[in-house]
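A quick write-up on the structure given underneath.
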């Protein structure tokens, strides 16, 4: 039996001082199916070369910019198989379109673009290209999130009546963007981040998880976006009510000025017969509470879990898996879809992997939330 070669990845972004770039590289390579071989890691050619040295790449494949990378890689016999986009939001659209037009599939950090209009155009570009396009909504890769999704879809909870999702951080409690802190600087800059600050950075994760786990769609939004820290140009705190397409309501609360919080993502789903509760900071446990029965604590890797949950677990029970492993699940599913595309030239992603559809809905959520906050009223999704 022939051994499948590793897929070759070209990364845009992820240079010195970046957070998410190294995460993408580690996650992509974790299962041994992908190898980082090229990149345009910074808008500074010198910093891009430095990143190439850090990643131990051929110096000739640490490019000055993404256009040079795409043009050069097209001509190589050992060209990259896909492009990973890990830049600030304003570059997601141009890099993705350039890659797709050159024939390279795309795996992008979220959100898909900087604006909703861009997301709609990108969806058209993906459809025209016929190429795989994946989006790294990381939390979709957790085993117990897959278990929640399965339990809701199986009808075990009955009709979903209420959803509560929180994503709380405290790292922007002070105006650290004014001190040159790289991550804070671009996330609080409308020219690089887009119209949403907190709502775009982590609110889209909360929104996506709500729809991903429940299978329901948001049809109305009533949001309040605040810039709590004086002088900050974008929102750093958000509270929203969401109306779902089955009549249920969801409460979404995200903040980056919640002093003392680290990365507290929580999701609670309440059905007619019971409820589910999951915390990202304790990701290997799922609480299941029944209307007429004892509370259950389900553990990752247990034999009683659904096939969906067990399929994304790498280690025996009791060996904690977390953020990097969840991230790697998405890259593994993308690599499998990419190999299938190379064999058949038919782009088909598994339903478990966030796609351009999720990207468009995420950008629509930001757009609707900003509008709702300005109007101080409900808006249709």
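List of remarks:
- So residue 267, is it more than 20 Å from the chain's Cα centre (by Cα) and within 26 Å of residue 326 (Cα to Cα): no
- Residue 375 meets each of the listed conditions (1) in the same structural domain as residue 97 (by TED's automatic domain parsing); (2) without any contact (Cβ under 8 Å) to a residue 40 or more places away in the chain; (3) closer than 30 Å to residue 116 by Cβ apart from (1).
- Residues within region 161-214 that are at positive phi and touching a helix residue (DSSP H, G or I) at 6+ places or on another chain (Cβ under 6 Å), tallied: 1
- Candidate set from region 76-86 (those that are part of a loop (DSSP other than H, G, I, E, B) and touching a strand residue (DSSP E or B) at 6+ places or on another chain (Cβ under 6 Å)); member that is nearest to residue 12 (Cα to Cα): 86
- Every residue from region 293-321 that is farther than 23 Å from residue 156 by Cβ and surrounded by 14 or more Cβ atoms within 10 Å (Cβ to Cβ): 314, 321
- Residue in region 254-267 that is out of contact with any helix residue (DSSP H, G or I) (no Cβ under 6 Å at 6 or more places or on another chain), modelled with pLDDT of 95 or more and over 30 Å from residue 230 (Cα atoms) present: no
- Hey, residue 329 outside any strand (DSSP E or B) and closer than 22 Å to residue 354 by Cβ or not: yes
- Scanning region 87-110 for residues that are assigned to a loop (DSSP other than H, G, I, E, B), in contact with a helix residue (DSSP H, G or I) (Cβ under 7 Å, 6 or more places away or on another chain) and more than 16 Å from residue 65 (Cβ to Cβ) gives 105, 110.
- Some residue of region 16-29 being without any contact (Cβ under 8 Å) to a residue 40 or more places away in the chain, farther than 25 Å from residue 325 by Cβ and either surrounded by 19 or more Cβ atoms within 10 Å (Cβ to Cβ) or not assigned by TED's automatic domain parsing to the domain that holds residue 98 (or both): no
- All positions within region 244-299 that are part of a strand (DSSP E or B) and free of Cβ contacts under 8 Å to residues at least 24 places away in the same chain: 277, 279, 287, 289, 290, 296, 297, 299
- Residue check for residue 73: surrounded by fewer than 16 Cβ atoms within 10 Å (Cβ to Cβ) and part of a helix (DSSP H, G or I): no
- Helices (runs of 4 or more DSSP H) wholly inside region 111-198 that include at least 2 residues being modelled with pLDDT under 95 and more than 21 Å from residue 360 (Cα to Cα): 182-187
The values are calculated or read from the model by the stated rules, or taken from the named source; none is laboratory data. Not measured: the values here are computed from a predicted model. Please note: Cβ atoms are built from the backbone with ideal geometry, for glycine as well, and neighbour counts cover all protein chains shown.
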